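Here's the structure, in structure tokens; my notes come after.
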Amino acid sequence: MSLRPDLAKIASLVPTGMRVLDIGCGEGELMGVLRDERGVDVRGMELDPELVERCVSRGLSVVQGDADRDLADYPDAAYDVAILSQTLQTAQRPDYMLDQLLRIGRTAFVSFPNFAYWKMRLSLLVHGRMPVTRHLPVSWYETENIHHLTVADFRDLLAAKGVTVEGSWFFADGREIGSFRANWRAEHAVFRLSR
Amino acid sequence: MATALPLDLNRLTLAHPLPLDSGKVLEGVELAYETYGTLAADRGNAILIFHALTGDQFVARQHPVTGKPGWWERMVGPGLPIDTDRHFIICANIIGGCMGSTGPASPGPDGQPWGMRFPVITVRDMVRAQVALLDQLGIGTLHAVVGGSMGGMLALSLAANWPGRASRVLAIATTARHSAQNIAFHEVGRQAIMADPDWAGGDYYGGSGKGPEKGLSVARMAAHITYLSEAGLTEKFGRRLQDREAKSFGFDADFQVESYLRYQGISFTNRFDANSYLYITRAMDYFDLAEEHGGRLADAFQHVGDTRFCVISFDTDWLYPTAESRAVVHALNAVAAPVSFVELSAPFGHDSFLLDCPALDRVVKGFVG
């Protein structure tokens, strides 16, 4: 399996037999691993019809939908685990989306790119322009990432909402790193949350 | 109008009387059906396809009346998304229809055509008859049940009322209930038929009477508009004139779109019975899967277990718009059924499910497997 490190981490942390909703599931890479290697009952939501099509052709159950709007259709506590990978920063209102996530799932995994990664800070400091990097490769005017955030921002939001952090993991250069000064050192973060 | 069909159709008579939702019972029900492919030794590869309002059992075989190709030949066949090399496909003419199954043109108990004495039937009655057909053919659990438009309603009805009978349910361009707008368009069609003096109260089968061809033709014209999209009509016809340089200042079919609709209407009367049109549209209008189950659509699906669902809508379909499919998906989510849903982009309106839409082919192939 060649999952992105944040997805591989989430896959390794979801217990067998859970009911899982993967929001923004793309072409179902994580879903496939959860189903085939972890024995998880997994469903997906994806905005792009072509990606939904690919999921369906792999035998995955994926609903085309807009997480900003359609999460409201899911019943409370419908899933053991709700996963939101690399999607929070694309939400119209990330705070509302977080509420929905923790309403639908008893626990939630959230992964996002950390805008306070030191290379980002340096790039902004030196060039004075919004950074375009390997992980955020699109110019500011056409990016889907409309709400850039940092690890520290996210912790502030969780504290303000009274959300419990059950665990956090950090990644840089495709590898997991420790949590020491993660807001400087991490390109990506994964949080496990509950109410 | 075709009444007594001089055709050699595959038919089966149901062994038991068929109870109807109205409380009446139909005796000696005949179902005309076609099969494609070979039934596996374990009988596990059967797929039931439900046809739409004006469709029939000739899914992937030349139509014996019109001589035209089957209505879904682009989808069903060797190596196609619904692969007859691997699956055994069954498609039966619905009861109330006019391609060999028991309907208003069939002989009633007194030997005369039923006409309007035929009992009003429902979508669930149509499914009940086909479940009985499966029983008699010795087919238990279906690999899949597939339907578009009205066929999708039958597929949802089978999933809700005969849970476990199909492992996969594919419902395309359909709805769990007929809206006021759907009913309204059907009522226009029915009134056109009944306003035709040749309808004669539905008793037009005997003698030299040709039946309400004008009324049925107008009904088809009105309905046909609802199967297309405004953009599709504009692209196909625009305001172009039919075989003339200028407007005639009369009421001939000046515009290409008029000529097209007239042709659609007239050719329909060669293969369809007006009373069947009345009965089938009535059944569709009565269809409300939530109402059948206490008013909550999710309750209709509460026993579906791990049946897999795939719901597909088209962005230009204003007859059964995406919101109707989403309501079905919402209900299936509420009972935690494994459901996939995708809204496909295609320019042809409701009829997109019958036309060239490669994305549809891929989703159907992927889901049916």
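At a glance:
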quantity: Subset of segment B:30-53 (residues that are assigned to a loop (DSSP other than H, G, I, E, B) and crowded, with 22+ Cβ neighbours inside 10 Å); calculated: B:51, B:52
quantity: Residue that is modelled with the highest pLDDT [pool: residues in segment A:71-97 that are surrounded by 22 or more Cβ atoms within 10 Å (Cβ to Cβ) and at the interface with chain B (Cβ under 9 Å from one of its Cβ atoms)]; calculated: A:79
quantity: Restricting segment A:54-70 to residues that are out of contact with any Pro (no Cβ under 8 Å at 6 or more places or on another chain) and not in a helix (DSSP H, G or I), the residue that is farthest from the other protein chains (Cβ to nearest Cβ); calculated: A:66
quantity: Residues of segment A:16-28 classified as touching a helix residue (DSSP H, G or I) at 6+ places or on another chain (Cβ under 8 Å) and either surrounded by fewer than 20 Cβ atoms within 10 Å (Cβ to Cβ) or assigned to a loop (DSSP other than H, G, I, E, B) (or both), total; calculated: 6
quantity: Residue match in segment B:173-185 (condition: assigned by TED's automatic domain parsing to the domain that holds residue B:135 and touching a Cys at 6+ places or on another chain (Cβ under 6 Å)); calculated: no
quantity: Criterion (modelled with pLDDT of 95 or more and among the β-branched types (Val, Ile, Thr)) met by exactly one of B:122, B:66; calculated: B:122
quantity: Matching entry among B:308, B:326, B:262 (being at pLDDT 95 or above, of a type outside the set (Val, Ile, Thr) and over 19 Å from residue B:151 (Cα atoms)); calculated: B:262
quantity: Qualifying residue in segment A:12-27 (condition: in contact with a strand residue (DSSP E or B) (Cβ under 7 Å, 6 or more places away or on another chain), free of Cβ contacts under 8 Å to residues at least 24 places away in the same chain and either under 16 Å from residue B:366 (Cα atoms) or within 11 Å of chain B (Cβ to nearest Cβ) (or both)); calculated: no
quantity: Tally, over segment A:48-60, of residues that are touching a Ser or Thr at 6+ places or on another chain (Cβ under 9 Å) and either among the acidic types (Asp, Glu) or surrounded by fewer than 24 Cβ atoms within 10 Å (Cβ to Cβ) (or both); calculated: 1
quantity: Of all residues in segment B:282-315 being more than 14 Å from chain A (Cβ to nearest Cβ) and in contact with a Ser or Thr (Cβ under 6 Å, 6 or more places away or on another chain), the one that is surrounded by the fewest Cβ atoms within 10 Å (Cβ to Cβ); calculated: B:286
quantity: All positions within segment A:82-99 that are without any contact (Cβ under 8 Å) to a residue 60 or more places away in the chain and within 19 Å of residue A:194 (Cβ to Cβ); calculated: A:96, A:97
quantity: Residue A:92 out of contact with any Ser or Thr (no Cβ under 6 Å at 6 or more places or on another chain), among the polar types (S, T, N, Q) and within 16 Å of residue B:342 (Cα to Cα); calculated: no
quantity: Any hit, segment B:316-329, residues being surrounded by 21 or more Cβ atoms within 10 Å (Cβ to Cβ), at the interface with chain A (Cβ under 9 Å from one of its Cβ atoms) and either in contact (Cβ under 8 Å) with a residue 12 or more places away in the chain or among the aliphatic types (A, V, I, L, M) (or both); calculated: yes
quantity: Qualifying positions in segment B:221-266 - of a type outside the set (A, V, I, L, M, F, W, C), crowded, with 18+ Cβ neighbours inside 10 Å and in contact (Cβ under 8 Å) with a residue 60 or more places away in the chain; calculated: B:226, B:227, B:229, B:232
quantity: Residues of segment A:71-114 satisfying the condition of being of a type in the set (Val, Ile, Thr) and in a loop (DSSP other than H, G, I, E, B); calculated: A:87
quantity: Matching residues in segment A:153-173 - criterion: being among the small types (Gly, Ala, Ser), out of contact with any strand residue (DSSP E or B) (no Cβ under 6 Å at 6 or more places or on another chain) and surrounded by 13 or more Cβ atoms within 10 Å (Cβ to Cβ); calculated: A:172
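The values are calculated or read from the model by the stated rules, or taken from the named source; none is laboratory data. Note that the coordinates shown come from a computational prediction; the quantities given were computed from them, not determined experimentally. When we count neighbours, we look across all protein chains shown, and the Cβ atoms used for this are built from the backbone with ideal geometry, even at glycine.
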